[in-house]
Amino acid sequence: MSGTWAVEEVLGIEAGLLNDDRLARALDAIAPHLEHIAGTVGARAIGEFDIKVSRLHWDMTSMSVHGAYPAEGQDEGFPVIGYGHPKDRRTD
């Protein structure tokens, strides 16, 4: 099956090495460094794209909705409401 994917050509690794266990270990490894990573990426983007930070507002507010929101019934001009995990880690 790995012959049907271009993983090796694009990423330079064997396709069989990409699995959920490997992803979980990678996420566990970077979890303690998330704030640093986000800050570094943000700072690099500001410099790279010459973003004027005097008007920059980075809103990381979590938002929760309740009910049934089928994707086909949502307005294409707005973000699609779906299942996810909020940044504030609320479980309710």
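The values are calculated or read from the model by the stated rules, or taken from the named source; none is laboratory data. Predicted model, so just to flag it, every value in this text is computed and none were measured. Neighbour counts are summed over all protein chains in view; Cβ atoms, including those assigned to glycine, are modelled from backbone coordinates with ideal geometry. Remember, those area values only see protein heavy atoms, side chains included, never the ligands or the DNA or RNA. Shrake-Rupley method; radii C 1.70, N 1.55, O 1.52, S 1.80 Å.
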Members of the stretch 54-64 that are within 27 Å of Ala31 (Cβ to Cβ) and open to solvent by 60 Å² or more (accessible area, probe 1.4 Å):
Leu56, His57, Trp58, Asp59, Met60, Thr61, Met63, Ser64
Residue pairs within 6 Å by beta carbon, gap of at least six or interchain, first lying in the stretch 70-82 and modelled with pLDDT under 85, second not in a helix (DSSP H, G or I), listed first then second, are Ala71/Val80; Val80/Gln74; Ile81/Val65; Ile81/Tyr69
Lone unmet requirement of (1) exposed (fewer than 10 other Cβ atoms within 10 Å of the Cβ); (2) modelled with pLDDT of 85 or more for Thr91
(2)
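Every residue, every condition in (1) surrounded by 10 or more Cβ atoms within 10 Å (Cβ to Cβ); (2) of a type outside the set (Gly, Ala, Ser), yes or no:
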| residue | (1), (2) |
| --- | --- |
| Ala43 | yes, no |
| Ile51 | yes, yes |
| Phe78 | no, yes |
| Gly84 | no, no |
Regarding His36, is this residue farther than 22 Å from Tyr83 by Cα, open to solvent by 100 Å² or more (accessible area, probe 1.4 Å) and of a type outside the set (S, T, N, Q)?
yes
Take the residues in the stretch 1-33 that are loosely packed, with under 10 Cβ neighbours inside 10 Å and among the acidic types (Asp, Glu); name whichever of them is modelled with the lowest pLDDT.
Asp20
